[in-house]
Amino acid sequence: MSHEGIRFLSKEDQERQEREERRARALTREALTPLKVRVLKTEGTGVEIDWTDGHKSHWSFAWLRDACPCATCVEERQLQKREPGQPKPKPAQLLPLYEPPARPASAHPVGRYALQFNWQDGHSSGIYSWDFLRRHCQCAECIASRD
């Protein structure tokens, strides 16, 4: 008898898996369809989306950069046990170096399902689907429902 299918999870991993399962709940088509998308690049404030179901969402560019959904960034966050949007820990330094705020050099739609940013730090492989953005809405109501 093989035991390849048995996997033991730590309490931390089990809690993370439960959070992901709650996030994976079914959303209606209206909840995942943007009515209006505004990338506020000139203002440097982030992205705003008005959804067809009447909900409004906003994400800062810093949050979006720290939540990049590309495979490399997801793996790095998992190794560091960070949630999407949670910044990287800063190394202790006597004289901290200036780090410019995250801003995209450009942004463009990907088909009818996502946005892609070309970040000023050279990173551009993350594709932010409407589903990803809606499930990670940063409004107080959505944050409270996830916790």
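The values are calculated or read from the model by the stated rules, or taken from the named source; none is laboratory data. Source: prediction; values computed, not measured. For neighbour counting, all protein chains shown are included, and Cβ atoms are generated from backbone atoms with ideal geometry for every residue, glycine included.
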### Message
One residue is enough: does region 15-24 have a residue meeting the conditions at pLDDT 80 or above and among the hydrophobic types (A, V, I, L, M, F, W, C)?
### Response
no
### Summary
Of the residues in region 61-83, those that are in contact (Cβ under 8 Å) with a residue 60 or more places away in the chain and small (Gly, Ala, Ser) come to 67
### region 43-91, residues that are basic (Lys, Arg), farther than 17 Å from residue 20 by Cβ and surrounded by fewer than 14 Cβ atoms within 10 Å (Cβ to Cβ)
56, 88, 90
#### Entry: Every residue from region 108-136 that is under 14 Å from residue 68 (Cα atoms) and hydrophobic (A, V, I, L, M, F, W, C)
114, 115, 117, 119, 127, 130, 132, 133
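Of all residues in region 114-132, count the ones that are over 13 Å from the mean Cα position of the chain (by Cα) and crowded, with 17+ Cβ neighbours inside 10 Å.
Number satisfying all stated conditions: 1.
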### Task
For region 100-113, state whether one or more residues are surrounded by 15 or more Cβ atoms within 10 Å (Cβ to Cβ) and among the hydrophobic types (A, V, I, L, M, F, W, C).
yes
